[in-house]
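Accompanying notes for the structure given below.
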Amino acid sequence: MTRTFHFDIAIVGGGLAGSLAALALADSGFSCALIDATDPATMRGAGFDGRTSAISYASARVFRRLGLWEAICGAGGEPDAEPIRDILVTDGRANSRFDRGGASPFFLHFDSRELGEDQPLGFIVENRRLRDVMFDAVDTAPGVTMVAPARRVATRFDRGAAVMRLDNGRDIVASLIIAADGRSSPLRAEAKIKTHHWGCGQTGIVATVAHERPHRGVAQEFFLPSGPFAILPMTQNRSSIVWTEREEAAPAYMALDDAAFLGALRQRFGAHLGELRLAGPRWSYPFAFTLAQRYAAPRLALIGDAARAVHPIAGQGFNLGVKDIAALADVLREGRDVGLDIGSLTVLQEYQRWRRFDSMALALGMDFLNRLFSNDLGPLRLARDLGMSAVGRVGPLRNFLMREAGADMGSLPSLMMAEG
Ligand SMILES: Cc1cc2nc3c(=O)[nH]c(=O)nc-3n(C[C@H](O)[C@H](O)[C@H](O)COP(=O)(O)OP(=O)(O)OC[C@H]3O[C@@H](n4cnc5c(N)ncnc54)[C@H](O)[C@@H]3O)c2cc1C
């Protein structure tokens, strides 16, 4: 017999975006079901996700306001969020500034101290940590019910509510369904929301390394012909590597034994942090762009990678999702407070207006950057090097880019606004 459960909002997808959405919306007084096809115990496991996320300082405010930041930082224990103090961008060669002096003229250096506030450019946090903290909070939040493992198998959008059938024999009835079901979002497809999708022929190889010398909070990105190679500072003298490789070459690197893999990694990493050692397994992720043409339909809103999935060249994918969630929380709260149906298009179009253009512009900008830098053509290389050197000389422009990377620009939802 099918059992039916009623909520204000049903969120399909308990990834980073869905979990945060459940907590933010419950904090705004909505009852939420959080549904995922995978068992939470598996998602918390060491073998599930080896990535880190660069969390912008505006996104960190959302975690702070929801009371999650202390747990992410491991109050009283080992800190788990590493502040990013500097970002160095170099075209095609290993960094020489911090170990050998003599900066390349084509260096771009973003220095958090230039913002004039005691504020890092962002934080590097392990996805495993984010997931653990959010799942712990979901387990105790009065307004959230986790329904997992359970796969959504069918959905009906009626005038008064949406009805969702799960493969565990339950029906969920809600005023609004949020699709947080990832870049290939089955819900988006069923709602016949079209996407712009294009591959970039690249795979991300992800690994954690421990190194001899301290990174001093410096994140580095080298633009190599196969794509960006990022070194992201982690706690305990470790760094997370996101090595973009041509998709046809990546499997061979993934198949190398540890010693050979470390050798190939060292050639790209350089010697500035001394001896390197692998501090965990390797992972690989195909890169592609997907942009939904609409973020809303009657009783349906898209967030996170279901709304748009971007290249991690600037570490913005999840941050864009955080802004979706904060904006949606504002729009739904305001709609409810004036007596509107939160699943109506009147309310949801407000969310779409706020988020779609903003994130499309950013996604296209990242695609452009990736194309511009992922090649070794002489004239293009000259143009981008001159561009980098010009940006590097203009303080206000650097300042603008730092604030943009911190997601502290444009119209900010209330959860993201600076305190005071
Ligand atoms: C190598 C790499 C590095 C990155 N670095 C950064 C970074 O530094 N900073 C940053 O901001 N972003 C970064 N990103 C992007 C970021 O990781 C993603 O944007 C984010 O993880 C997307 O989360 P999501 O919850 O939207 O989707 P997902 O994590 O894909 O979650 C979707 C969930 O939906 C569930 N689901 C799907 N279908 C169903 C169904 N029918 N029923 C029930 N459940 C279902 C799935 O089980 C899954 O758990 C990076 C990405 C990559 C690949």
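For segment 226-265, the Kirkwood hydrodynamic radius from C-alpha pairs, put into Stokes-Einstein at 37 °C and a viscosity of 0.692 mPa s, yields a diffusion coefficient of 291 µm² per second. From a point 7 Å beyond the Cα of S344 in the direction of its Cβ, which residues of segment 174-193 have a backbone N at a distance under 18 Å? Of the residues in segment 174-193, 174-177 have backbone N under 18 Å from the label point off S344. In the chain, what percentage of the DSSP-assigned beta bridges are antiparallel, given to the nearest 5? If we restrict to bridges inside the chain, about 70 percent are antiparallel. Computed from label points 7 Å out along Cα-Cβ, the spacing between Y285 and A259 is 3.2 nm.
Debye-formula intensities of segment 175-327, expressed as log10 I(q)/I(0) at q = 0.10, 0.12, 0.13, 0.20 Å⁻¹, are -0.44, -0.61, -0.69, -1.15 (one equal scatterer per alpha-carbon, no solvent).
Seen against the Cα atoms of the chain and their longest principal axis, helix 395-405 is set at about 40 degrees. The distance between label points at E212 and V153 comes to 5.9 nm (points 7 Å beyond Cα on the Cα→Cβ vector).
Computed from Cα positions, the angle between helix 258-269 and the longest principal axis of the chain comes to roughly 70 degrees. From the Kirkwood radius over Cα pairs of segment 278-343, Stokes-Einstein at 20 °C and 1.002 mPa s returns a whole-number translational diffusion coefficient of 153 µm²/s.
Against the longest alpha carbon principal axis of the chain, how many degrees, from 0 to 90 and to the nearest 10, is the axis of helix 16-27 turned? Approximately 50 degrees, to the nearest 10. Taking every alpha-carbon pair under 8 Å whose residues sit at least 6 apart, the chain reaches a relative contact order of 22 percent. Sorted from longest to shortest, the spans of the Cα atoms of the chain along the three principal axes equal 68, 46, 45 Å. Coordinate range of the alpha-carbon atoms in segment 232-314 per principal axis, descending: 55, 32, 19 Å. Stokes-Einstein diffusion for segment 140-258, with the hydrodynamic radius set to the Kirkwood value over Cα pairs and evaluated at 37 °C in a medium of 0.692 mPa s, equals 174 µm²/s. Projected over every direction and averaged, the convex hull enclosing the alpha-carbon atoms of segment 253-373 yields 10.2 nm². Considering only the Cα atoms of segment 20-75, their convex hull presents on average a projected area of 5.0 nm². Share of Cα-Cα pairs in segment 197-260 beyond 19 Å, in percent? Within segment 197-260, distances greater than 19 Å cover 39 percent of Cα pairs.
Throughout, read-outs are computed from the coordinates displayed, never taken from laboratory work. The shown structure was predicted, so the numbers you read here are calculated from the model rather than taken from an experiment. Cβ atoms come from the backbone with ideal geometry, glycine included; neighbour counts cover every protein chain shown.
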